[in-house]
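Colleague: If you scroll down you'll find the structure; I have some questions about it.
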Amino acid sequence: MNEPRALLNLNHLSKTYGSNRVLDNFDLTIFDGEFFTLLGPSGCGKTTVLRMIAGLEDTDTGSIQLDGQDIGQVPAEKRPINTVFQSYALFPHMTVFDNVAFGLRMSGVAKEEIAPRVAEALEMVRLGDFAQRKPAQLSGGQQQRVAIARAVVNRPKLLLLDESLSALDYKLRQQMQIELKRLQRKLGITFVYVTHDQEEALSMSDRVVVMNKGKVQQLGTPREIYEQPANLFVAKFIGEINQLDGEIVAVDGNHEYEVKVEGLQWRLHAEHNFKAGDKVNVLLRPEDVRVEYIDDPHPDQYLVGEVVERNYKGKTLDSLIRLPSGIEVIASEFFDEDDPSFDYSLNQKVAIKWVPGWEVVLPHEV
Amino acid sequence: MAPIFRWGFMGLVLTLIYIPILVLVVNSFNASKYGIKWGGFTFKWYEKFWNNDGLMTAALNSLTVSIVAASVATVIGTLAAVALHRYQFKGKALLSSMVFVSMLTPEIVMAISLLIVFMALGIKLGFISLVIGHITFCLPFVIVAVYSRLKGFDMKMLEAARDLGASESSIFWKIILPLALPAIASGWLLSFTLSLDDVIVSAFVTGPGYEILPLKVYSMVRVGVSPEVNAISTILLVVSLVLVVISQLLLREDK
Amino acid sequence: MKSSVGQFRFWAIGLASVWLTLFVFFPNLLVILTSFLTRDPQATVSLPINADSYVRTLDLLYLQVLWDSLRMSLLAMVFCLVVGYPFAMAIVSLPKRWQPVIVFLVILPFWTNSLVRTYAIQFILGNQGIINKALLGLGLIDKPLQLLYTQFAVILGLCYILLPFMVLPLYSALEKLDVRLHHAAKDLGAGPLSRFWHITVPLTSPGIVAGCLMVLLPAMGMFYISDLLGGAKNLLLGNVIKTQFLHTRDWPFGSAFSVILIVLLGFMLWLYFRASRFVSKQGGLNGSDF
């Protein structure tokens, strides 16, 4: 892959509504051709960022550059950027064809060019036969695809999608995720997607920015964000995570530390720089936690816990295990009918361990 | 309430509401002058009305006033409804409360207040003062009709239009106007009937040289029964009923 | 670009604002002002400013007229409420599909000429009218009843013309009422009557006040109804105002009577907003009521 080229630069964007600071000195660079996602809880400012890029919202301070040119003063209707709205916002009095043709007509595309381009866009979202319907005659998923066709037909430099799948039911949403991703590859248009659904963000994006309270929490590939969360917020927002308290006992150099966790001393890896005596959080994903019979021979050290809850989840079996300190840990194991060691009973004492290096060590936060 | 009692009660009230109207309509075709007995079917009262120059002039005047007033009220009212719906501006609360109050102000108060203001501004009583008066009481009805229709739509649509490159004027002509059109047409029709039927405001703001139908009818019924009034009344009733039914159908059409 | 938005906004907001200010707001102020001026045969009104007109409304003769007028309007209002409330309840209890049809049938006459409909009532109530004809024909009476030109006729006429204004706000208030509240009350042991008094009535109080407002105030002004049905003796406030303005040409005095109406409007609006806040819903008459 070539060196990524910056398409959009957001510099020091800020926005305040009354006393509520929704964006705080926000910086971001989006590369040409990538599928980029703004992820965060509702009210984190992600939609505000999207609306600023679209030109539907004014910035208090900061600048927006598209292809190196400042577009801060360019009104929404003049920006080569299109949006797929959360509620689709289709024009109810126009046919599907007229909806899709709207942008082309507004920008004065020649008449004879409009019909083939609309047909092509509708074909792309597999709605070729629906051109003469009214939006009210379509299902939710079909309306969604019209909204996408209506935006991409203009060949924008940037396509913005505002929680575009959230109105669909689970199954349709999964299907649309795959379709969107495929569409993006085919068109080569840069997609900027906004969502509060971490699963959606991880499965579709090339890169994700996690936001909270108007600030960037972490920017990276889905894998980096899941496996190397930069802080406790990101770790907890992206999937389930177990949180153990620890203290640095000794620094072994090169990001290796002796850490005391639950009364035992472990040799752990951390990206941060710590010194002896620092309090830390040791984080473990439930699927990284191993549960074993305590009577089996154990070459390495382990924690002892008591099974307090067992939940069958279909693909996995989740156990809630209480450690002597009172902290409860979730362990998620893939279900394997042939493995007899799998059958713990409630209140049974078990051994808890994890693959060294799969833990994440962060500075202590409350 | 037991269903039979319920239907009976509603039926009774509705019957009582429509009986006088029916009696009037039937009598307009009654050849017997005082409408006491059925004297056979006739069109002669309609002919008398048709041949009465004074009444015809008044009818034409009424039509003129109503068409002008309804049209102006519709234009101003539609614009105001769009503004109230779309924009945030200083005095928005004041504007909407003026709409609200002008809807509730008793007509008699509106009538004398207009009379006083016409005097104060030196506007001569006659066609102009009638039109202004009628626009004033029609305006809130148009605003409310158009506003409630606009409120029924997802207004992200307007942002979508901007996002797709539509200028402010394209948004108005291509999105808002087509969507609001049924309400605008209905607002015009309702304004027209309100204006055509008005007595109270007209009684105060009309001038000696400009006679309109409802006032003419008023002076005729005050002096006693004259059968051509039945004919005129029937025409007025039927015109209003037809227009109101059309206006309601317009609003229902695509819901 | 920006300026075209600005221009559209300017006209959209400006036209209606100027119109309503010039022909609604400003004139109402002028009415109040006029009521404090002095009658002048040459210039209609003139200085000095005084409260003479209000003092004159306290004249026994006018107090009597005022009281008669108020009583007739109030009776009409009460009668409309007594008929309108059960009527609105009956509509709400219909299947959803039928409700708009009945509502439409009730409002339809509102859009027709009320003068003409008043005339139709005159026609029915007269000595030679349908009622008297029928009663005479049946031999129940031997000379016509004096129905026309009575207070009864005026009240009947007012009710007839204004009933839709009562039914509509009541209907929309009742329609919003959550049926589950009734189920809950029933579950807690409330009988039909106590459910009506403790749930339905308080929660529809904004509708009741709105309905009363929309009947009472117009009722006081509809001079042609008393004119056609009440004869020379049974006057409404509207007749007094009309006489003062168009015949006696005593504008300050006529304005003083109108101010009474404006004050009444203000009072009832205040009641309405209080009732709405009590039901904790946003105030404002719903536009779709019309």
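The values are calculated or read from the model by the stated rules, or taken from the named source; none is laboratory data. Here the structure is a predicted model, which is why all the values come from computation and not from measurement. Note: ideal-geometry Cβ built from the backbone for every residue, glycine included; neighbour counts use all protein chains shown.
Colleague: Is there a residue in the stretch B:111-127 that is of a type in the set (D, E, K, R) and part of a helix (DSSP H, G or I)? Break it down stepwise before answering.
Modeller: Pass one, the stretch B:111-127, residues of a type in the set (D, E, K, R): B:124.
Those still in the list that are part of a helix (DSSP H, G or I) too: none.
Checking the stretch B:111-127: not a single residue is of a type in the set (D, E, K, R) and part of a helix (DSSP H, G or I).
Colleague: Which is buried (at least 18 other Cβ atoms within 10 Å of the Cβ) and either touching a Lys or Arg at 6+ places or on another chain (Cβ under 9 Å) or closer than 22 Å to A:Gly239 by Cα (or both), of A:Val350, A:Val360?
Modeller: Working: A:Val350 fails: either touching a Lys or Arg at 6+ places or on another chain (Cβ under 9 Å) or closer than 22 Å to A:Gly239 by Cα (or both).
Testing whether each residue is buried (at least 18 other Cβ atoms within 10 Å of the Cβ) and either touching a Lys or Arg at 6+ places or on another chain (Cβ under 9 Å) or closer than 22 Å to A:Gly239 by Cα (or both) leaves just A:Val360.
Colleague: Please give the number of the condition B:Lys48 fails out of (1) assigned to a helix (DSSP H, G or I); (2) under 27 Å from B:Leu181 (Cα atoms); (3) more than 10 Å from chain C (Cβ to nearest Cβ).
Modeller: (2)
Colleague: Turning to a different aspect of this structure: Just give me the residues in the stretch B:199-255 being surrounded by fewer than 20 Cβ atoms within 10 Å (Cβ to Cβ), aliphatic (A, V, I, L, M), over 18 Å from the mean Cα position of the chain (by Cα) and facing chain C (nearest Cβ under 7 Å), in sequence order.
Modeller: Residues satisfying the conditions do not exist here.
Colleague: Further, regarding this structure: Considering every residue within the stretch C:87-100, establish whether at least one is in a helix (DSSP H, G or I) and surrounded by fewer than 17 Cβ atoms within 10 Å (Cβ to Cβ). Reasoning before the result, please.
Modeller: To start, the set of residues in the stretch C:87-100 that are in a helix (DSSP H, G or I) comprises C:87-92, C:99-100.
If we keep only those that are surrounded by fewer than 17 Cβ atoms within 10 Å (Cβ to Cβ) as well, we get C:99-100.
Yes, the conditions are met somewhere in the stretch C:87-100.
Colleague: How about the stretch C:237-254: which of its residues are hydrophobic (A, V, I, L, M, F, W, C), at the interface with chain B (Cβ under 9 Å from one of its Cβ atoms) and crowded, with 22+ Cβ neighbours inside 10 Å?
Modeller: If we filter the stretch C:237-254 for residues that are hydrophobic (A, V, I, L, M, F, W, C), which is where we start, we get C:237, C:240-241, C:245-246, C:251, C:253.
Then drop every residue that is not at the interface with chain B (Cβ under 9 Å from one of its Cβ atoms), which leaves C:237, C:241, C:245-246, C:251.
Once the filter is applied, which keeps residues that are hydrophobic (A, V, I, L, M, F, W, C), at the interface with chain B (Cβ under 9 Å from one of its Cβ atoms) and crowded, with 22+ Cβ neighbours inside 10 Å, the stretch C:237-254 yields C:Leu237, C:Ile241, C:Phe245, C:Trp251.
Colleague: Quick check on this structure: which one of C:Met214, C:Met220 is touching a residue at least 60 places away in the same chain (Cβ under 8 Å) and closer than 19 Å to B:Ser102 by Cβ? It would help to see each step written out before you state the result.
Modeller: Details: C:Met214 fails: touching a residue at least 60 places away in the same chain (Cβ under 8 Å).
It is C:Met220.
Colleague: What number of residues in the stretch B:229-252 are under 17 Å from B:Lys216 (Cβ atoms) and either aliphatic (A, V, I, L, M) or in contact with a Gly (Cβ under 8 Å, 6 or more places away or on another chain) (or both)?
Modeller: Counting residues in the stretch B:229-252 that are under 17 Å from B:Lys216 (Cβ atoms) and either aliphatic (A, V, I, L, M) or in contact with a Gly (Cβ under 8 Å, 6 or more places away or on another chain) (or both) gives 8.
Colleague: Which ones in the stretch C:122-153 are without any contact (Cβ under 8 Å) to a residue 24 or more places away in the chain, more than 8 Å from every other protein chain (Cβ to nearest Cβ) and among the aliphatic types (A, V, I, L, M)?
Modeller: Step one: list which residues in the stretch C:122-153 are without any contact (Cβ under 8 Å) to a residue 24 or more places away in the chain, which gives C:123-124, C:126-147, C:152.
So of that shortlist, the ones also more than 8 Å from every other protein chain (Cβ to nearest Cβ) come out as C:126-127, C:129, C:131-132, C:134-147, C:152.
Passing the criteria: C:Ile131, C:Ala134, C:Leu135, C:Leu136, C:Leu138, C:Leu140, C:Ile141, C:Leu145, C:Leu147.
Colleague: Name the residue that is nearest to the chain's Cα centre (by Cα), counting only residues in the stretch C:134-159 that are within 18 Å of C:Leu217 (Cα to Cα) and surrounded by fewer than 22 Cβ atoms within 10 Å (Cβ to Cβ). Spell out how you get there, then give the answer.
Modeller: Filtering the stretch C:134-159 down to residues within 18 Å of C:Leu217 (Cα to Cα) leaves C:151, C:154-159.
From what's left, surrounded by fewer than 22 Cβ atoms within 10 Å (Cβ to Cβ): C:151, C:156.
Details: C:Gln151: 17, C:Leu156: 14 Å.
By that ranking, first place goes to C:Leu156.
Colleague: Moving on to the next point. Quick one: is B:Tyr18 facing another protein chain (nearest Cβ under 9 Å) and aromatic (Phe, Trp, Tyr)? Working first, answer last.
Modeller: On the way: facing another protein chain (nearest Cβ under 9 Å): yes; aromatic (Phe, Trp, Tyr): yes.
Yes, satisfied.
Colleague: Can I ask one more? For the stretch B:178-189, check the following and say yes or no: at least one residue is buried (at least 23 other Cβ atoms within 10 Å of the Cβ) and touching a Gly at 6+ places or on another chain (Cβ under 8 Å).
Modeller: yes
Colleague: Can B:Ser102 be described as surrounded by fewer than 22 Cβ atoms within 10 Å (Cβ to Cβ) and assigned to a helix (DSSP H, G or I)? Spell out the reasoning first.
Modeller: Details: surrounded by fewer than 22 Cβ atoms within 10 Å (Cβ to Cβ): yes; assigned to a helix (DSSP H, G or I): yes.
When the stated conditions are applied, B:Ser102 passes them.
Colleague: I'm trying to understand the selection: among the residues of the stretch A:17-32, which are touching a Leu at 6+ places or on another chain (Cβ under 8 Å) and not acidic (Asp, Glu)?
Modeller: So the first thing to find is which residues in the stretch A:17-32 are touching a Leu at 6+ places or on another chain (Cβ under 8 Å), and the list is A:23, A:25-32.
Selection gives A:Leu23, A:Asn25, A:Phe26, A:Leu28, A:Thr29, A:Ile30, A:Phe31.
Colleague: Now for a separate question. Of (1) more than 29 Å from C:Leu216 (Cβ to Cβ); (2) more than 7 Å from chain C (Cβ to nearest Cβ); (3) surrounded by 24 or more Cβ atoms within 10 Å (Cβ to Cβ), B:Val75 satisfies all except one. Which?
Modeller: (3)
Colleague: Based on this model, can you work out whether B:Leu196 counts as more than 21 Å from C:Met222 (Cβ to Cβ), out of contact with any Cys (no Cβ under 9 Å at 6 or more places or on another chain) and within 11 Å of another protein chain (Cβ to nearest Cβ)? First the steps, then the outcome.
Modeller: Values: more than 21 Å from C:Met222 (Cβ to Cβ): no; out of contact with any Cys (no Cβ under 9 Å at 6 or more places or on another chain): yes; within 11 Å of another protein chain (Cβ to nearest Cβ): yes.
Criteria not met by B:Leu196.
Colleague: Count, please, the residues in the stretch A:270-317 that happen to be at pLDDT below 85, acidic (Asp, Glu) and either surrounded by 18 or more Cβ atoms within 10 Å (Cβ to Cβ) or assigned to a strand (DSSP E or B) (or both).
Modeller: Of the residues in the stretch A:270-317, 1 are at pLDDT below 85, acidic (Asp, Glu) and either surrounded by 18 or more Cβ atoms within 10 Å (Cβ to Cβ) or assigned to a strand (DSSP E or B) (or both).
Colleague: Taking the residues in the stretch A:75-96 that are among the β-branched types (Val, Ile, Thr) and over 21 Å from A:Glu163 (Cβ atoms) as candidates, determine which candidate is surrounded by the fewest Cβ atoms within 10 Å (Cβ to Cβ). Before you say what the answer is, go through the steps one by one.
Modeller: From the stretch A:75-96, those among the β-branched types (Val, Ile, Thr) are A:81, A:83-84, A:95-96; that's our starting set.
Next, from what is left, pick out any that are over 21 Å from A:Glu163 (Cβ atoms): A:95-96.
Details: A:Thr95: 16, A:Val96: 26.
Filtering first and then ranking leaves A:Thr95.
Colleague: Say whether the condition of being more than 11 Å from chain B (Cβ to nearest Cβ), under 27 Å from C:Ile155 (Cβ atoms) and either crowded, with 24+ Cβ neighbours inside 10 Å or β-branched (Val, Ile, Thr) (or both) is met by at least one residue in the stretch C:174-194. Don't jump to the end; show me each part of the working.
Modeller: Looking only at the stretch C:174-194, we keep the residues that are more than 11 Å from chain B (Cβ to nearest Cβ), and these are C:174-191, C:193-194.
If we keep only those that are under 27 Å from C:Ile155 (Cβ atoms) as well, we get C:174.
Right, trim to either crowded, with 24+ Cβ neighbours inside 10 Å or β-branched (Val, Ile, Thr) (or both) and you get none.
No; the residues of the stretch C:174-194 include none that is more than 11 Å from chain B (Cβ to nearest Cβ), under 27 Å from C:Ile155 (Cβ atoms) and either crowded, with 24+ Cβ neighbours inside 10 Å or β-branched (Val, Ile, Thr) (or both).
Colleague: Which one of these is more than 8 Å from chain B (Cβ to nearest Cβ) and touching a residue at least 12 places away in the same chain (Cβ under 8 Å): C:Tyr119, C:Tyr171? Lay out the reasoning, then the answer.
Modeller: On the way: C:Tyr119 fails: more than 8 Å from chain B (Cβ to nearest Cβ).
Just one listed residue meets the conditions, C:Tyr171.
Colleague: So, A:Phe102, is that one more than 9 Å from chain B (Cβ to nearest Cβ), modelled with pLDDT of 90 or more and outside any loop (DSSP other than H, G, I, E, B) or not? Spell out the reasoning first.
Modeller: Details: more than 9 Å from chain B (Cβ to nearest Cβ): no; modelled with pLDDT of 90 or more: yes; outside any loop (DSSP other than H, G, I, E, B): yes.
Answer is no for this residue.
Colleague: All but one of (1) out of contact with any helix residue (DSSP H, G or I) (no Cβ under 7 Å at 6 or more places or on another chain); (2) of a type outside the set (Val, Ile, Thr); (3) under 22 Å from A:Arg79 (Cβ atoms) hold for A:Glu224; state the number of the condition that does not hold.
Modeller: For A:Glu224, the exception is condition (3).
Colleague: Does at least one position in the stretch A:58-72 carry a residue that is outside any loop (DSSP other than H, G, I, E, B), more than 17 Å from A:Ala121 (Cβ to Cβ) and in contact (Cβ under 8 Å) with a residue 60 or more places away in the chain?
Modeller: Our first condition is that a residue be outside any loop (DSSP other than H, G, I, E, B); within the stretch A:58-72, this holds for A:61-66, A:69-70.
Now restrict to residues that are more than 17 Å from A:Ala121 (Cβ to Cβ): A:61-66, A:69-70.
Narrowing the set further to residues that are in contact (Cβ under 8 Å) with a residue 60 or more places away in the chain leaves A:66.
Yes: one or more hits.
Colleague: Would you pick out the residues in the stretch A:75-90 that are more than 7 Å from chain B (Cβ to nearest Cβ) and on the phi < 0 side of the Ramachandran plot? I'd like the intermediate steps shown before the answer.
Modeller: To start, the set of residues in the stretch A:75-90 that are more than 7 Å from chain B (Cβ to nearest Cβ) comprises A:75, A:78-81, A:84, A:86, A:88, A:90.
Answer for the stretch A:75-90, where residues must be more than 7 Å from chain B (Cβ to nearest Cβ) and on the phi < 0 side of the Ramachandran plot: A:Pro75, A:Lys78, A:Arg79, A:Pro80, A:Ile81, A:Val84, A:Gln86, A:Leu90.
Colleague: Could you list, in sequence order, the residues of the stretch B:164-191 that are within 13 Å of chain A (Cβ to nearest Cβ) and among the polar types (S, T, N, Q)?
Modeller: Scanning the stretch B:164-191 gives B:Ser167, B:Ser169, B:Ser170.
Each row is one residue, and each column tells you yes or no for (1) out of contact with any Phe, Trp or Tyr (no Cβ under 9 Å at 6 or more places or on another chain); (2) without any contact (Cβ under 8 Å) to a residue 60 or more places away in the chain; (3) more than 8 Å from every other protein chain (Cβ to nearest Cβ); (4) closer than 25 Å to C:Val240 by Cβ.
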{"position": "B:Ser102", "(1), (2), (3), (4)": "no, yes, no, yes"}
{"position": "B:Leu114", "(1), (2), (3), (4)": "no, no, no, yes"}
{"position": "B:Val117", "(1), (2), (3), (4)": "no, yes, no, yes"}
{"position": "B:Phe127", "(1), (2), (3), (4)": "no, no, yes, no"}
{"position": "B:His134", "(1), (2), (3), (4)": "yes, no, yes, yes"}
{"position": "B:Val146", "(1), (2), (3), (4)": "yes, no, yes, no"}
{"position": "B:Lys151", "(1), (2), (3), (4)": "yes, no, yes, no"}
{"position": "B:Asp154", "(1), (2), (3), (4)": "no, yes, no, no"}
{"position": "B:Arg162", "(1), (2), (3), (4)": "yes, yes, no, no"}
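Colleague: Do we find that C:Phe79 is closer than 30 Å to C:Phe165 by Cβ, surrounded by fewer than 19 Cβ atoms within 10 Å (Cβ to Cβ), within 10 Å of another protein chain (Cβ to nearest Cβ) and touching a helix residue (DSSP H, G or I) at 6+ places or on another chain (Cβ under 9 Å) in this structure? Walk me through it before giving the result.
Modeller: Working: closer than 30 Å to C:Phe165 by Cβ: yes; surrounded by fewer than 19 Cβ atoms within 10 Å (Cβ to Cβ): yes; within 10 Å of another protein chain (Cβ to nearest Cβ): no; touching a helix residue (DSSP H, G or I) at 6+ places or on another chain (Cβ under 9 Å): yes.
It is false that C:Phe79 is closer than 30 Å to C:Phe165 by Cβ, surrounded by fewer than 19 Cβ atoms within 10 Å (Cβ to Cβ), within 10 Å of another protein chain (Cβ to nearest Cβ) and touching a helix residue (DSSP H, G or I) at 6+ places or on another chain (Cβ under 9 Å).
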